[in-house]
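I have placed the structure first, in the form of C-alpha coordinates, so that the comments after it can refer back to it.
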(Lines give C-alpha, C1' and ligand atoms only; values in the text may rest on other atoms or scores of the structure.)
Protein backbone atom coordinates (compact mmCIF):
# COMPACT_ATOMS: atom_id res chain seq x y z
CA UNK A 1 0.00 0.00 0.00
CA UNK A 2 1.33 3.43 -0.97
CA UNK A 3 2.17 5.82 1.87
CA UNK A 4 -0.62 8.34 2.40
CA UNK A 5 0.02 12.03 1.71
CA UNK A 6 -0.51 14.41 4.62
CA UNK A 7 -1.47 18.08 4.62
CA UNK A 8 1.39 20.58 4.55
CA UNK A 9 2.63 21.55 8.01
CA UNK A 10 0.72 24.57 9.27
CA UNK A 11 -2.11 24.09 6.77
CA UNK A 12 -5.21 22.36 8.08
CA UNK A 13 -8.42 20.82 6.81
CA UNK A 14 -11.66 22.19 8.20
CA UNK A 15 -13.83 19.09 8.49
CA UNK A 16 -17.66 19.03 8.35
CA UNK A 17 -18.16 18.96 12.13
CA UNK A 18 -16.17 22.21 12.36
CA UNK A 19 -17.64 24.15 9.43
CA UNK A 20 -20.96 25.20 11.08
CA UNK A 21 -19.14 27.66 13.37
CA UNK A 22 -17.20 29.01 10.39
CA UNK A 23 -20.46 29.46 8.49
CA UNK A 24 -22.04 31.20 11.48
CA UNK A 25 -19.11 33.62 11.68
CA UNK A 26 -19.06 34.32 7.94
CA UNK A 27 -22.83 34.74 7.55
CA UNK A 28 -23.01 37.05 10.57
CA UNK A 29 -20.11 39.12 9.25
CA UNK A 30 -21.61 39.41 5.77
CA UNK A 31 -24.99 40.44 7.17
CA UNK A 32 -23.56 43.10 9.49
CA UNK A 33 -21.27 44.57 6.85
CA UNK A 34 -24.21 44.75 4.45
CA UNK A 35 -26.18 46.66 7.06
CA UNK A 36 -23.40 49.29 7.13
CA UNK A 37 -23.32 49.59 3.33
CA UNK A 38 -20.15 47.59 2.63
CA UNK A 39 -19.77 45.68 -0.65
CA UNK A 40 -17.79 42.49 -1.23
CA UNK A 41 -14.74 42.46 -3.51
CA UNK A 42 -12.83 39.31 -4.53
CA UNK A 43 -9.12 39.41 -5.42
CA UNK A 44 -6.61 36.79 -6.63
CA UNK A 45 -4.75 34.67 -4.10
CA UNK A 46 -1.50 35.23 -6.03
CA UNK A 47 -0.07 38.69 -6.67
CA UNK A 48 3.21 40.08 -8.02
CA UNK A 49 5.87 40.02 -5.32
CA UNK A 50 6.66 43.72 -5.82
CA UNK A 51 3.17 44.59 -4.59
CA UNK A 52 4.03 43.40 -1.09
CA UNK A 53 7.59 44.73 -1.14
CA UNK A 54 6.25 48.20 -1.91
CA UNK A 55 3.32 48.08 0.51
CA UNK A 56 4.49 46.08 3.52
CA UNK A 57 8.14 47.14 3.34
CA UNK A 58 11.20 45.16 2.30
CA UNK A 59 12.74 45.16 5.79
CA UNK A 60 9.71 43.64 7.53
CA UNK A 61 9.62 40.06 8.81
CA UNK A 62 6.79 39.26 6.43
CA UNK A 63 8.74 40.14 3.28
CA UNK A 64 12.15 39.00 4.52
CA UNK A 65 11.18 35.64 6.03
CA UNK A 66 7.52 34.70 5.78
CA UNK A 67 6.23 35.10 2.22
CA UNK A 68 5.63 32.17 -0.10
CA UNK A 69 7.34 33.50 -3.23
CA UNK A 70 8.17 31.66 -6.44
CA UNK A 71 9.25 32.32 -10.02
CA UNK A 72 6.69 31.29 -12.63
CA UNK A 73 7.34 30.01 -16.15
CA UNK A 74 7.47 33.54 -17.54
CA UNK A 75 10.22 34.54 -15.13
CA UNK A 76 7.89 36.69 -13.01
CA UNK A 77 8.17 36.58 -9.23
CA UNK A 78 4.79 35.88 -7.65
CA UNK A 79 3.68 35.57 -4.03
CA UNK A 80 0.80 33.90 -2.24
CA UNK A 81 -0.84 36.85 -0.51
CA UNK A 82 0.33 37.25 3.11
CA UNK A 83 -2.39 39.87 3.78
CA UNK A 84 -5.30 41.40 1.89
CA UNK A 85 -5.00 45.18 2.09
CA UNK A 86 -2.34 45.58 -0.61
CA UNK A 87 -4.30 43.42 -3.06
CA UNK A 88 -7.49 45.34 -2.35
CA UNK A 89 -5.75 48.66 -3.01
CA UNK A 90 -4.20 47.27 -6.20
CA UNK A 91 -7.64 46.09 -7.37
CA UNK A 92 -9.18 49.45 -6.49
CA UNK A 93 -6.59 51.37 -8.49
CA UNK A 94 -6.68 48.98 -11.44
CA UNK A 95 -10.48 49.00 -11.67
CA UNK A 96 -10.94 52.73 -11.15
CA UNK A 97 -12.73 52.40 -7.81
CA UNK A 98 -10.76 54.84 -5.67
CA UNK A 99 -10.00 58.23 -7.21
CA UNK A 100 -12.43 60.91 -5.99
CA UNK A 101 -14.75 58.18 -4.73
CA UNK A 102 -15.94 56.86 -1.40
CA UNK A 103 -15.74 53.07 -1.09
CA UNK A 104 -16.63 50.63 1.65
CA UNK A 105 -15.31 47.19 0.69
CA UNK A 106 -14.82 43.80 2.31
CA UNK A 107 -13.33 40.45 1.34
CA UNK A 108 -12.74 37.02 2.80
CA UNK A 109 -10.29 34.24 2.07
CA UNK A 110 -7.00 32.48 2.79
CA UNK A 111 -3.67 34.22 3.45
CA UNK A 112 -0.24 32.57 3.60
CA UNK A 113 2.82 33.13 5.81
CA UNK A 114 5.70 30.75 6.46
CA UNK A 115 5.66 31.08 10.25
CA UNK A 116 6.32 28.58 13.00
CA UNK A 117 2.94 26.84 13.41
CA UNK A 118 1.31 27.08 16.85
CA UNK A 119 -2.18 27.33 18.23
CA UNK A 120 -3.92 30.27 16.58
CA UNK A 121 -1.07 30.85 14.10
CA UNK A 122 -0.95 28.85 10.89
CA UNK A 123 0.81 28.99 7.53
CA UNK A 124 -2.50 29.11 5.73
CA UNK A 125 -5.01 31.17 7.67
CA UNK A 126 -8.27 32.89 6.83
CA UNK A 127 -9.15 36.54 7.21
CA UNK A 128 -12.10 38.82 6.79
CA UNK A 129 -10.75 42.16 5.58
CA UNK A 130 -12.64 45.46 5.60
CA UNK A 131 -11.24 48.49 3.74
CA UNK A 132 -12.60 52.04 3.32
CA UNK A 133 -11.43 54.75 0.93
CA UNK A 134 -12.05 58.48 0.51
CA UNK A 135 -12.93 59.34 4.14
CA UNK A 136 -10.37 61.19 6.23
CA UNK A 137 -12.06 61.84 9.57
CA UNK A 138 -12.12 59.84 12.79
CA UNK A 139 -15.80 59.04 12.17
CA UNK A 140 -15.01 56.24 9.69
CA UNK A 141 -12.46 54.78 12.11
CA UNK A 142 -15.17 54.72 14.78
CA UNK A 143 -17.55 53.05 12.34
CA UNK A 144 -15.06 50.23 11.77
CA UNK A 145 -14.78 49.77 15.53
CA UNK A 146 -18.58 49.76 15.89
CA UNK A 147 -18.84 47.05 13.22
CA UNK A 148 -16.52 44.82 15.25
CA UNK A 149 -18.40 45.51 18.49
CA UNK A 150 -21.69 44.64 16.81
CA UNK A 151 -20.25 41.37 15.49
CA UNK A 152 -19.01 40.33 18.95
CA UNK A 153 -22.46 41.08 20.36
CA UNK A 154 -24.24 39.19 17.57
CA UNK A 155 -22.03 36.13 18.07
CA UNK A 156 -22.34 36.31 21.85
CA UNK A 157 -18.57 36.69 22.30
CA UNK A 158 -17.36 38.10 25.59
CA UNK A 159 -14.02 39.13 27.11
CA UNK A 160 -12.77 40.93 23.98
CA UNK A 161 -11.16 44.28 24.80
CA UNK A 162 -10.50 47.24 22.52
CA UNK A 163 -7.08 48.90 22.51
CA UNK A 164 -6.32 52.04 20.48
CA UNK A 165 -3.30 54.20 19.76
CA UNK A 166 -2.09 56.76 17.25
CA UNK A 167 1.03 56.59 15.11
CA UNK A 168 0.73 60.17 13.87
CA UNK A 169 2.06 61.07 10.43
CA UNK A 170 5.06 59.59 8.66
CA UNK A 171 7.03 62.79 9.29
CA UNK A 172 6.24 62.68 13.02
CA UNK A 173 7.26 59.03 13.21
CA UNK A 174 10.62 59.75 11.58
CA UNK A 175 11.40 62.37 14.25
CA UNK A 176 10.22 60.06 17.02
CA UNK A 177 12.16 57.14 15.59
CA UNK A 178 15.45 58.98 16.11
CA UNK A 179 14.64 59.49 19.81
CA UNK A 180 13.58 55.85 20.18
CA UNK A 181 16.70 54.48 18.49
CA UNK A 182 18.94 56.63 20.70
CA UNK A 183 17.13 55.36 23.81
CA UNK A 184 17.21 51.69 22.79
CA UNK A 185 20.82 51.88 21.62
CA UNK A 186 21.82 53.09 25.08
CA UNK A 187 20.29 49.86 26.48
CA UNK A 188 21.42 47.53 23.72
CA UNK A 189 22.59 44.92 26.24
CA UNK A 190 18.94 44.36 27.32
CA UNK A 191 17.62 43.85 23.77
CA UNK A 192 17.01 40.34 22.46
CA UNK A 193 18.24 39.13 19.08
CA UNK A 194 15.07 40.14 17.19
CA UNK A 195 15.11 43.61 18.72
CA UNK A 196 18.76 44.19 17.83
CA UNK A 197 17.95 43.24 14.25
CA UNK A 198 14.99 45.64 14.19
CA UNK A 199 16.83 48.50 15.87
CA UNK A 200 17.78 50.25 12.62
CA UNK A 201 15.10 48.78 10.31
CA UNK A 202 11.78 48.80 12.18
CA UNK A 203 12.40 50.04 15.76
CA UNK A 204 8.73 50.73 16.54
CA UNK A 205 8.09 46.98 16.41
CA UNK A 206 10.38 46.58 19.44
CA UNK A 207 7.68 48.30 21.51
CA UNK A 208 5.39 45.36 20.75
CA UNK A 209 7.84 42.75 22.06
CA UNK A 210 6.42 40.23 24.53
CA UNK A 211 9.84 39.31 25.93
CA UNK A 212 9.44 39.66 29.74
CA UNK A 213 13.09 40.65 30.17
CA UNK A 214 12.49 43.77 28.06
CA UNK A 215 9.20 44.98 29.55
CA UNK A 216 10.69 47.44 32.03
CA UNK A 217 12.85 48.93 29.28
CA UNK A 218 9.87 49.26 26.93
CA UNK A 219 7.66 50.85 29.58
CA UNK A 220 10.26 53.55 30.15
CA UNK A 221 10.78 54.24 26.43
CA UNK A 222 9.90 57.65 24.94
CA UNK A 223 6.23 57.81 23.94
CA UNK A 224 5.25 58.57 20.38
CA UNK A 225 2.28 60.54 21.71
CA UNK A 226 4.70 63.12 23.12
CA UNK A 227 6.13 63.77 19.66
CA UNK A 228 2.88 64.36 17.76
CA UNK A 229 1.71 67.66 16.34
CA UNK A 230 -1.58 69.40 17.11
CA UNK A 231 -3.46 67.97 14.11
CA UNK A 232 -2.56 64.37 14.96
CA UNK A 233 -3.52 64.87 18.60
CA UNK A 234 -6.83 66.44 17.60
CA UNK A 235 -7.62 63.54 15.25
CA UNK A 236 -7.02 61.00 18.02
CA UNK A 237 -8.99 63.02 20.56
CA UNK A 238 -11.93 63.15 18.14
CA UNK A 239 -11.95 59.35 17.90
CA UNK A 240 -11.93 59.02 21.69
CA UNK A 241 -14.79 61.53 21.94
CA UNK A 242 -16.92 59.43 19.56
CA UNK A 243 -16.16 56.21 21.43
CA UNK A 244 -16.92 57.88 24.76
CA UNK A 245 -20.24 59.20 23.43
CA UNK A 246 -21.15 55.67 22.33
CA UNK A 247 -20.15 54.37 25.80
CA UNK A 248 -17.77 51.89 24.19
CA UNK A 249 -14.99 50.81 26.54
CA UNK A 250 -11.41 51.06 25.30
CA UNK A 251 -7.84 51.39 26.52
CA UNK A 252 -5.20 53.69 25.06
CA UNK A 253 -2.18 51.43 24.64
CA UNK A 254 0.90 53.54 23.86
CA UNK A 255 2.83 50.38 22.94
CA UNK A 256 0.36 49.37 20.26
CA UNK A 257 2.01 49.55 16.85
CA UNK A 258 1.34 47.77 13.58
CA UNK A 259 3.90 45.55 11.90
CA UNK A 260 3.26 47.03 8.45
CA UNK A 261 4.92 50.21 7.24
CA UNK A 262 1.85 51.75 5.64
CA UNK A 263 -0.12 52.61 8.81
CA UNK A 264 -0.55 56.17 10.11
CA UNK A 265 -2.70 57.93 12.72
CA UNK A 266 -5.22 55.58 14.38
CA UNK A 267 -4.42 51.92 14.99
CA UNK A 268 -6.57 49.54 17.01
CA UNK A 269 -6.74 45.93 18.15
CA UNK A 270 -9.38 43.74 19.75
CA UNK A 271 -7.67 41.35 22.18
CA UNK A 272 -8.61 38.52 24.52
CA UNK A 273 -6.87 36.55 27.28
CA UNK A 274 -8.72 33.35 26.41
CA UNK A 275 -6.47 32.20 23.55
CA UNK A 276 -3.04 32.21 25.16
CA UNK A 277 -0.23 33.97 23.31
CA UNK A 278 -2.30 34.59 20.18
CA UNK A 279 -4.67 37.02 21.84
CA UNK A 280 -5.32 39.47 18.99
CA UNK A 281 -8.50 38.55 17.10
CA UNK A 282 -8.86 41.73 15.03
CA UNK A 283 -6.50 44.55 14.11
CA UNK A 284 -6.59 47.59 11.89
CA UNK A 285 -6.09 51.29 11.45
CA UNK A 286 -5.53 54.12 9.01
CA UNK A 287 -3.16 53.94 6.03
CA UNK A 288 -3.55 57.17 4.05
CA UNK A 289 -0.25 56.85 2.17
CA UNK A 290 -0.71 53.35 0.71
CA UNK A 291 -2.81 54.18 -2.36
CA UNK A 292 -0.28 56.78 -3.49
CA UNK A 293 2.55 54.37 -2.65
CA UNK A 294 1.07 51.76 -5.01
CA UNK A 295 0.60 54.12 -7.94
CA UNK A 296 -2.81 55.69 -7.30
CA UNK A 297 -3.79 59.25 -6.45
CA UNK A 298 -3.45 60.24 -2.76
CA UNK A 299 -6.50 58.75 -1.03
CA UNK A 300 -7.58 58.53 2.61
CA UNK A 301 -7.97 54.91 3.68
CA UNK A 302 -8.48 52.75 6.75
CA UNK A 303 -9.60 49.22 7.52
CA UNK A 304 -9.16 46.10 9.62
CA UNK A 305 -8.68 42.35 9.35
CA UNK A 306 -10.13 39.59 11.54
CA UNK A 307 -8.57 36.15 11.88
CA UNK A 308 -11.25 33.51 11.38
CA UNK A 309 -9.30 30.72 13.06
CA UNK A 310 -8.96 32.73 16.26
CA UNK A 311 -12.58 33.84 16.30
CA UNK A 312 -13.77 30.25 15.76
CA UNK A 313 -11.46 29.12 18.56
CA UNK A 314 -12.99 31.82 20.77
CA UNK A 315 -16.49 30.62 19.90
CA UNK A 316 -15.46 27.10 20.89
CA UNK A 317 -13.69 28.30 24.05
CA UNK A 318 -16.86 30.04 25.21
CA UNK A 319 -19.03 27.04 24.39
CA UNK A 320 -21.07 28.87 21.75
CA UNK A 321 -22.74 26.79 19.07
CA UNK A 322 -24.01 27.48 15.58
CA UNK A 323 -27.50 26.75 14.38
CA UNK A 324 -28.33 23.04 14.20
CA UNK A 325 -27.21 21.66 10.83
CA UNK A 326 -28.61 18.16 11.36
CA UNK A 327 -31.31 16.95 8.95
CA UNK A 328 -34.97 17.32 9.83
CA UNK A 329 -35.88 14.27 7.78
CA UNK A 330 -34.09 11.16 6.55
CA UNK A 331 -35.84 9.31 3.70
CA UNK A 332 -35.57 5.51 3.86
CA UNK A 333 -36.58 3.73 0.67
CA UNK A 334 -36.84 0.01 0.02
CA UNK A 335 -37.06 -1.10 -3.61
CA UNK A 336 -36.60 0.56 -6.98
CA UNK A 337 -40.12 1.97 -7.22
CA UNK A 338 -39.94 3.31 -3.68
CA UNK A 339 -36.59 4.94 -4.43
CA UNK A 340 -38.05 6.88 -7.36
CA UNK A 341 -41.05 7.99 -5.31
CA UNK A 342 -38.82 8.99 -2.40
CA UNK A 343 -36.75 11.17 -4.76
CA UNK A 344 -39.95 12.88 -5.89
CA UNK A 345 -41.27 13.43 -2.36
CA UNK A 346 -37.94 14.72 -1.06
CA UNK A 347 -37.86 17.35 -3.83
CA UNK A 348 -41.46 18.32 -3.04
CA UNK A 349 -40.56 18.90 0.61
CA UNK A 350 -37.53 21.02 -0.35
CA UNK A 351 -39.64 23.04 -2.79
CA UNK A 352 -42.32 23.67 -0.17
CA UNK A 353 -40.02 24.42 2.78
CA UNK A 354 -37.00 26.56 1.93
CA UNK A 355 -35.31 25.89 5.26
CA UNK A 356 -35.99 22.16 5.61
CA UNK A 357 -33.03 19.77 5.55
CA UNK A 358 -33.89 16.45 3.88
CA UNK A 359 -31.40 13.62 3.37
CA UNK A 360 -32.28 10.78 0.99
CA UNK A 361 -30.75 7.36 1.51
CA UNK A 362 -28.63 6.46 -1.51
CA UNK A 363 -26.94 3.15 -2.16
CA UNK A 364 -29.79 0.80 -1.17
CA UNK A 365 -29.41 -1.27 2.02
CA UNK A 366 -31.73 -3.20 4.28
CA UNK A 367 -34.24 -1.46 6.55
CA UNK A 368 -31.94 -2.08 9.52
CA UNK A 369 -28.90 -0.64 7.71
CA UNK A 370 -30.81 2.42 6.53
CA UNK A 371 -32.22 3.03 9.99
CA UNK A 372 -28.66 3.03 11.36
CA UNK A 373 -27.69 5.63 8.76
CA UNK A 374 -30.72 7.72 9.64
CA UNK A 375 -29.88 7.65 13.33
CA UNK A 376 -26.21 8.46 12.69
CA UNK A 377 -27.20 11.45 10.54
CA UNK A 378 -28.78 13.08 13.57
CA UNK A 379 -32.14 13.46 11.80
CA UNK A 380 -35.18 14.13 13.95
CA UNK A 381 -37.40 11.80 11.93
CA UNK A 382 -37.19 9.00 9.36
CA UNK A 383 -39.73 8.68 6.56
CA UNK A 384 -39.98 5.05 5.50
CA UNK A 385 -41.25 4.14 2.04
CA UNK A 386 -41.31 0.53 0.83
CA UNK A 387 -43.42 -1.56 -1.51
CA UNK A 388 -46.13 -2.06 1.12
CA UNK A 389 -46.39 1.67 1.88
CA UNK A 390 -46.26 2.53 -1.80
CA UNK A 391 -49.19 0.25 -2.62
CA UNK A 392 -51.22 1.84 0.19
CA UNK A 393 -50.15 5.37 -0.94
CA UNK A 394 -48.73 5.97 2.55
CA UNK A 395 -45.45 6.65 4.28
CA UNK A 396 -44.37 5.58 7.73
CA UNK A 397 -43.03 8.28 10.07
CA UNK A 398 -40.61 7.16 12.76
CA UNK A 399 -39.39 9.78 15.25
CA UNK A 400 -35.73 9.26 16.14
CA UNK A 401 -35.25 11.84 18.89
CA UNK A 402 -38.59 12.26 20.67
CA UNK A 403 -41.25 10.12 22.35
CA UNK A 404 -43.84 10.34 19.56
CA UNK A 405 -45.20 7.07 18.29
CA UNK A 406 -44.62 5.81 14.77
CA UNK A 407 -47.46 6.81 12.42
CA UNK A 408 -48.78 6.13 8.91
CA UNK A 409 -49.56 9.23 6.83
CA UNK A 410 -51.14 9.39 3.36
CA UNK A 411 -48.57 10.47 0.79
CA UNK A 412 -50.94 13.21 -0.38
CA UNK A 413 -50.98 14.68 3.17
CA UNK A 414 -47.22 14.40 3.82
CA UNK A 415 -46.25 18.01 3.03
CA UNK A 416 -49.05 19.48 5.16
CA UNK A 417 -48.18 17.12 8.02
CA UNK A 418 -44.51 18.20 7.85
CA UNK A 419 -45.73 21.83 8.02
CA UNK A 420 -47.35 21.11 11.37
CA UNK A 421 -44.32 19.28 12.77
CA UNK A 422 -42.02 22.17 11.80
CA UNK A 423 -44.37 24.75 13.37
CA UNK A 424 -44.53 22.73 16.58
CA UNK A 425 -40.74 22.33 16.65
CA UNK A 426 -41.08 18.55 16.74
CA UNK A 427 -38.55 18.25 13.91
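Each residue in the range 300-327 was checked for being over 19 Å from the mean Cα position of the chain (by Cα) and at pLDDT below 95, and 4 pass.
Take residue 236 and tell me if it is outside any loop (DSSP other than H, G, I, E, B), closer than 25 Å to residue 203 by Cβ and out of contact with any helix residue (DSSP H, G or I) (no Cβ under 6 Å at 6 or more places or on another chain). Full working, then the answer.
On the way: outside any loop (DSSP other than H, G, I, E, B): yes; closer than 25 Å to residue 203 by Cβ: yes; out of contact with any helix residue (DSSP H, G or I) (no Cβ under 6 Å at 6 or more places or on another chain): yes.
Judged against the criteria, residue 236 is a match.
Filtered by the rule that a residue be within 33 Å of the chain's Cα centre (by Cα) and crowded, with 16+ Cβ neighbours inside 10 Å, the range 200-224 gives 202, 203, 204, 205, 206, 207, 209, 214, 218, 224. The number of residues in the range 115-151 that are touching a helix residue (DSSP H, G or I) at 6+ places or on another chain (Cβ under 6 Å) and either at positive phi or without any contact (Cβ under 8 Å) to a residue 60 or more places away in the chain (or both) comes to 1. The set of residues in the range 187-230 that are without any contact (Cβ under 8 Å) to a residue 40 or more places away in the chain, assigned to a helix (DSSP H, G or I) and closer than 20 Å to residue 171 by Cα comprises 198, 203, 206, 226, 230.
Check 136, 131 and return the single one that is modelled with pLDDT under 95, under 26 Å from the mean Cα position of the chain (by Cα), farther than 18 Å from residue 224 by Cβ and in the same structural domain as residue 31 (by TED's automatic domain parsing). Exactly one of 136, 131 is modelled with pLDDT under 95, under 26 Å from the mean Cα position of the chain (by Cα), farther than 18 Å from residue 224 by Cβ and in the same structural domain as residue 31 (by TED's automatic domain parsing), namely 136.
The values are calculated or read from the model by the stated rules, or taken from the named source; none is laboratory data. These numbers come from a predicted model, not from an experiment. Ideal geometry is used to build each Cβ from the backbone, glycine not excepted, and the neighbour counts take in all protein chains shown.
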